[in-house]
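Working notes for the structure below.
The values are calculated or read from the model by the stated rules, or taken from the named source; none is laboratory data. What you are looking at is a predicted structure, and each value in this text was computed from that prediction instead of being measured. Neighbour counts are summed over all protein chains in view; Cβ atoms, including those assigned to glycine, are modelled from backbone coordinates with ideal geometry. When the accessible area is computed, the model is the full protein with side chains, heavy atoms only, and any ligands, DNA or RNA have been set aside. Shrake-Rupley method; radii C 1.70, N 1.55, O 1.52, S 1.80 Å.
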Amino acid sequence: MNGVLSNEVKQALQDLYYNVRTRRGAEAFALLEQASEAGDGDATCILARCLCGYQYVWGGHGFPEDDRRATKLLHKSVAQGSALGVLVALRSGELTPSVQKKMPFESIQAAFDEVEAMASAGDAFCQYVVGNSYFWWDFLRIQNKGKDSFSSQAEYKAYLKENISKCEDWFWKAYRGGVHFAANNLNRYYTQGDEDIIAPQPEKTEGLYKVGAELGYPTCQFIYAGELEKAEKFEEALRWYKAGAEIDNADNWYKVGDFYYEGKGTAKDAAYAVSCFEKELARNPRHIGANNALGKAYFMGEGVQQDYAKAYQHLAFAYERGNGWGVFYLAKCSFYGLGTQQDYRKAMEYLNKVDWNNREADYMRGVIYAQGLGGVTADIPKGVSYLQKAGNFAKAKEELLHYKKTLFGKWVRRG
């Protein structure tokens, strides 16, 4: 309740938000735990946010998500006299009447005034919290006002517009000061507006994430790189993807690998691409895109020695988690017995997910139906139709030689 952040909290904010490239997240977390135990309510509040997932703190810190502990910490921060804790608890829906009674402030407005003073003094995190208070309409409860406080609907809407619009300036201050999350709220504010009170201003989003990219925010670099990739400015996009990859930001190594594998914005280098996919999997073994990409590389023998077993392992991992990108390769592995047991039933399961024109897929379907493999009821006419659909695919033309039409127009197997 002194309106000044402790040195411990200031250092933690530097490492957690303002300069994540220090990679000192673990040290900041430990510092906050010590300060919290010593009674620092602001430290307790920031510690709570660390446990709320990537929407509240940079995912590269690798903190566990623990909603239960985060809630307890928020309540504790309020009782410890943290004005930040009061506003964050309010925003999180945790400032219940019982929790509010524990705060040593005469009102929520008093807590807000303290945070606003720190924001005005230049602290970016406080600026972000103040911006959120306006953006999400928390100011109504802070100021203890509602529709009934005004003599007309027009007066009420004017009051809302005046307060909501204050978020823009606060978010820009927070954004430039080191809180990249402010960009997401600015983007929403500009693209959606706010009901019939604030009109959308989509033109203001131009260059929004470029600002954060140039300030060194990994998440903004990734988003801006995506915008450049969509605009087919591949060389520039690759530069920003690499910038994020340098500190293992989520998905960046995968994207760098994809650019080198496909030769987008750079010379094709499959071996380097494979090393990038492996780095992404070292960061997150469950990364679907990297598993698919590495699976294809092993299947094709591009940038790595061909290994069907490893190809099947990576592609099946992604498939079993709901991603069917690699179903064609999985179908080939199962149909021919490449890197896994030959299994026509599994092959057909995969082939049923191939919903694009693919001659070899039609060939495999044709063989399975015509010969009645893998538990499929033999259906020579259906099998032949798929083989014919495969067109000039050599194996399909060879398989068709085993079938003929009778005088009555029925397809049968020769001999």
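Here is how the numbers come out for the structure above:
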{"item": "Number of the exception - residue 55 against (1) open to solvent by 10 Å² or more (accessible area, probe 1.4 Å); (2) under 19 Å from residue 178 (Cα atoms); (3) not in a loop (DSSP other than H, G, I, E, B)", "result": "(3)"}
{"item": "Among (1) crowded, with 21+ Cβ neighbours inside 10 Å; (2) in contact with a Lys or Arg (Cβ under 7 Å, 6 or more places away or on another chain); (3) in a loop (DSSP other than H, G, I, E, B) - the single one residue 5 does not satisfy", "result": "(2)"}
{"item": "So residue 99, is it hydrophobic (A, V, I, L, M, F, W, C) and under 27 Å from the mean Cα position of the chain (by Cα)", "result": "no"}
{"item": "Residue that is nearest to residue 220 (Cα to Cα) [pool: residues in the stretch 8-21 that are open to solvent by 50 Å² or more (accessible area, probe 1.4 Å) and not in a loop (DSSP other than H, G, I, E, B)]", "result": "21"}
{"item": "Among (1) aliphatic (A, V, I, L, M); (2) more than 22 Å from residue 239 (Cα to Cα); (3) outside any loop (DSSP other than H, G, I, E, B); (4) over 22 Å from the mean Cα position of the chain (by Cα) - the single one residue 304 does not satisfy", "result": "(3)"}
{"item": "Residue within the stretch 31-45 that is closer than 18 Å to residue 181 by Cβ, surrounded by fewer than 19 Cβ atoms within 10 Å (Cβ to Cβ), over 23 Å from the mean Cα position of the chain (by Cα) and not hydrophobic (A, V, I, L, M, F, W, C) present", "result": "no"}
{"item": "Residues (acidic (Asp, Glu) and in contact with a Phe, Trp or Tyr (Cβ under 9 Å, 6 or more places away or on another chain)) located in the stretch 158-197", "result": "168, 194"}
{"item": "Residue 373 surrounded by 19 or more Cβ atoms within 10 Å (Cβ to Cβ), over 25 Å from residue 297 (Cα atoms), out of contact with any Ser or Thr (no Cβ under 8 Å at 6 or more places or on another chain) and of a type outside the set (Phe, Trp, Tyr)", "result": "yes"}
{"item": "Complete set of residues in the stretch 159-187 that are farther than 26 Å from residue 249 by Cα, open to solvent by less than 20 Å² (accessible area, probe 1.4 Å) and in contact with a helix residue (DSSP H, G or I) (Cβ under 7 Å, 6 or more places away or on another chain)", "result": "163, 164, 167"}
{"item": "Residue selected from the stretch 128-144 under the condition of a type in the set (S, T, N, Q) and outside any helix (DSSP H, G or I), by the criterion most open to solvent (accessible area, probe 1.4 Å)", "result": "144"}
{"item": "Residues of the stretch 276-287 satisfying the condition of being free of Cβ contacts under 8 Å to residues at least 24 places away in the same chain and open to solvent by less than 40 Å² (accessible area, probe 1.4 Å)", "result": "281"}
